[in-house]
1. What percent does the relative contact order of region 5-283 come to when contacts are Cα pairs within less than 8 Å and at least six residues apart?
2. Return the distance in nm (one decimal) between the two label points of a simple spin-label model at Ile187 and Glu26, each offset 7 Å from Cα along Cα→Cβ.
3. Which order do peptides 16-23, 74-81, 30-37 fall in by mean Cβ count within 10 Å, highest first?
4. Give me the dipole magnitude in Debye, nearest 20, for the chain about the Cα centre, with unit charges on the beta carbon: positive for Lys and Arg, negative for Asp and Glu.
5. Considering only protein heavy atoms and a probe of 1.4 Å, how much of the accessible area of region 5-283 is carbon and sulfur, as a whole percent?
6. Please sort 43-49, 144-150, 271-277 by packing, taking for each peptide the average over its residues of neighbouring beta carbons within 10 angstrom, highest first.
7. To the nearest 20 debye, what charge dipole does region 128-244 have about its Cα centre, counting +1 at the Cβ of each Lys and Arg and -1 at the Cβ of each Asp and Glu?
8. Sequence neighbours fewer than 8 away in the same chain don't count; with that in mind, list the lysines whose C-alpha is under 23 Å from Lys137.
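The values are calculated or read from the model by the stated rules, or taken from the named source; none is laboratory data. This is a predicted model, so every value here is computed, not measured. We place every Cβ from the backbone using ideal geometry, glycine too, and count neighbours over all the protein chains shown. What goes into the accessible areas is simple: the full protein's heavy atoms, side chains included, and nothing from ligands, DNA or RNA. Shrake-Rupley method; radii C 1.70, N 1.55, O 1.52, S 1.80 Å.
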Amino acid sequence: MSNQIGVHALVWVGGWSPDEARLAIESSREAGYDLIELAALDPDSFDADMTARLLQENGIGAGVSLGLSDATDVSSDDPECVARGRELLASALALTRDVGGSYLGGVIFSKLGRYAAPVTARGRANSVESIAWLADKALDAGVTLGLEFCNRYETNVLNTTEQTLAFIADVDRPNVVAHLDVYHMNIEEVSFSGAVHAAAAAGKLGYVHLGESHRGALGTGSIPFEEFFRALHEVGYQGVLTFESFSSRVVHPTLSSTLAIWRDTWDDGMVLAKDAREFIRTGFGA
Ligand code: MN
């Protein structure tokens, strides 16, 4: 297998100062990962050159993920809000390219957070058009866009694989893929295996997040990893698998509260990350 294994930056640090970046990147390497996923909700705050240098020194790759906010929601009916969202996404794309990454994903198609009403037809169309616009820029930068559908409390645009594949068909760009996160799938999907097969059949299974049902240590919750890993092998998945976990021990200024991280699910990121790496090796074989 050629799958690369990633780890989300929030396993290590909540910010991205030079000291935090060094700690996160060196720790990712020490724990046996190939990639680190940067949480770039505020992409302009990242020092891309410093990050690229540290990645290179450590032989670690990077992907970038983020969720939009109320002020930058590209699924809004308000054109000014959509324009601000596009500007933020363009910055995130530039960061991805400048750190040497080839993947930009997350909730880049809507706000990351709870909505009080369903998405409107105009809002969904604004989101489709924005992702198509970003995909054209991303193609020039050699970057693939991943749409991470989330549970109903974290977006109202895409909650399932089926919705995501329909959205991707509407976007109609070659470099836009579905990003499957088992934490969200556990809440919304009828079948883990069915979702994997549907995404693969559409040629759009592009990125995977491995997270437990309680956001803590892999294998200690209720996610059916055996079924999920088996399905990935059945479809010959060759893409990235990124371990994602959150605890109130590591706090990001906005993301932690948006994700409702209210308690300690673990204390030591290194123990957690090494255990997760071993869980993936044992359970998936990579
Ligand atoms: Mn995720």
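1. 18 percent
2. Placing both labels 7 Å along Cα→Cβ, they lie 3.7 nm apart.
3. Result, highest mean Cβ count within 10 Å first: 30-37, 74-81, 16-23.
4. 300 debye
5. Answer for region 5-283 is 48 percent, counting heavy atoms of protein chains only.
6. For the peptides 43-49, 144-150, 271-277, the packing ranking is 144-150, 271-277, 43-49.
7. Around 120 debye, computed over region 128-244.
8. The reachable lysines, counting only those whose Cα sits under 23 Å from Lys137, are Lys111, Lys204.
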